[in-house]
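Student: Take this structure first; my questions come after.
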Amino acid sequence: MDKGEDFIVANDLSELVDGMNQLTGENLLNFEDVQRQIEARDREMDHKFTKDLQVTALRGARHYIGDKLIRVAPPHKILDPKNGPLIAVRLHIVSRKTLGGLQTNLNGQVLNSTGEPVPGLYAACEVSGFGGGGVHGYRALEGTFLGGCLFSGKVAGRAIAKATK
Ligand SMILES: Cc1cc2nc3c(=O)[nH]c(=O)nc-3n(C[C@H](O)[C@H](O)[C@H](O)COP(=O)(O)OP(=O)(O)OC[C@H]3O[C@@H](n4cnc5c(N)ncnc54)[C@H](O)[C@@H]3O)c2cc1C
């Protein structure tokens, strides 16, 4: 927070919003809009039976003992000064996963638009749909990507070795 160029730390919301607008050089944030949204969210923290889906999800997650033990900040009101200071972080959007792009056959050969193998062209891992989806289909979870990448790399490598013998 002291050295990061994407962090704004402030004691009140107006200072925080001004800081964020200065950081980007554009007036992207409107103070009243941000204030209204955070106050609405904070208000729900007092309601045991809130219908706010985010707060409900937060509380649901807190029932899980692992989360209770490792999370350092219990759910609280953002604008309550005793929980301060306020911290804003500028986010940089990156494409984390491609989830495919090239269609291959079971030997890792890239197929053209008519479904025929393109001679000498192989693909493995994420670009061929084996990061994420792949063998795991819709049930792919975080942490299941590298396995599919290694597997498809091995299959493609074997096919290349066989074809170039
Ligand atoms: C932050 C993060 C965390 C992750 N955590 C996990 C995890 O815990 N468990 C898990 O299973 N999976 C995880 N994954 C997913 C997994 O790491 C990726 O699916 C996997 O590494 C993809 O491997 P890849 O070889 O397909 O692509 P990459 O590893 O992206 O390799 C592609 C390579 O091609 C190079 N390249 C691109 N364009 C060109 C070009 N024109 N010429 C030459 N080279 C080029 C790139 O520089 C890069 O080195 C994570 C991914 C991210 C981003």
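Values in this text are rule-based calculations from the coordinates and carry no lab data. This one's a predicted model, so the numbers in the text were calculated from it and none came from an experiment. Ideal geometry is used to build each Cβ from the backbone, glycine not excepted, and the neighbour counts take in all protein chains shown.
Student: Using r as the Cβ-Cβ distance of I65 and R139, and R0 as 35 Å, what FRET efficiency do you calculate, to the nearest 0.05?
Tutor: Working: r = 25 Å, r/R0 = 0.71.
Calculated transfer efficiency: 0.90.
Student: Same structure, new question: Of the trypsin sites (Lys or Arg not before Pro) in the range 1-78, which ones lie in a loop per DSSP and count no more than 14 other C-beta atoms within 10 Å?
Tutor: Values: sites: K3, R36, R41, R43, K48, K51, R59, R62, K68, R71, K77; in loops: K3, K48, K51, R71, K77.
Filter output for the range 1-78: K3, K48, K51, R71.
Student: Calculate, for T114 and T24, the FRET efficiency according to 1/(1 + (r/R0)^6) with r their C-beta to C-beta distance and R0 45 Å; round to the nearest 0.05. Provide the component values of the computation, followed by the final result.
Tutor: Working: r = 47 Å, r/R0 = 1.05.
With R0 = 45 Å, the Cβ-Cβ based efficiency is 0.40.
Student: What's the local net charge at V9, with K and R +1, D and E -1, over the other residues with C-beta under 13 Å away?
Tutor: Details: positive: K3, R90; negative: D2, E5, D6, D12, E15, D18.
Net local charge, V9 excluded: -4.
Student: Could you work out the helix-only [θ] at 222 nm for the chain, with each DSSP H run of four or more residues adding -39,500 (n - 2.57) and the total divided by the number of residues, to the nearest 500 deg cm²/dmol? Present the calculation step by step, with values, prior to reporting the outcome.
Tutor: Values: 6 runs with 65 residues, N = 165.
After summing the helix terms and dividing by the residues of the chain, the value is -12000 deg cm²/dmol.
Student: Longest exposed-loop-site-free stretch of the chain, with GluC sites (Glu not before Pro), DSSP loop and at most 11 other Cβ within 10 Å?
Tutor: Working: sites that count: E5, E26, E142.
In short, 27-141.
Student: Using DSSP to call loops (not H, G, I, E or B), can you name the chymotrypsin sites (Phe, Trp or Tyr not before Pro) in the range 25-98 whose Cβ has at most 14 other Cβ atoms within 10 angstrom?
Tutor: Listed in order of number, the matching sites are F49, Y64.
Student: Write down the radius of gyration of the range 1-44 and its Dmax, each obtained from C-alpha positions, in Å.
Tutor: 11.5, 33
Student: Over 30 Å between C-alpha atoms is what I'm after, so list which of K3/K77; K48/K82; K97/K154; K3/K51; K48/K68; K3/K48 land there. Don't skip to the end; give the middle numbers.
Tutor: Details: K3/K77 26 Å; K48/K82 21 Å; K97/K154 21 Å; K3/K51 38 Å; K48/K68 18 Å; K3/K48 39 Å.
Those over the limit are K3/K51; K3/K48.
Student: Now for a separate question. Among L111, Q54, G101, pick out the residue whose Cα is farthest towards the positive end of the charge dipole of the range 37-135, where Lys and Arg carry +1 and Asp and Glu carry -1 on C-beta, about the Cα centre.
Tutor: Q54
Student: Please work out how much length the chain gains when fully extended from A40 to K154, using 0.36 nm per residue of separation minus the C-alpha to C-alpha distance, in nm with one decimal.
Tutor: Values: separation 114, 0.36 × 114 = 41.04 nm, distance 5.26 nm.
Stretched out fully, the A40 to K154 stretch lengthens by 35.8 nm.
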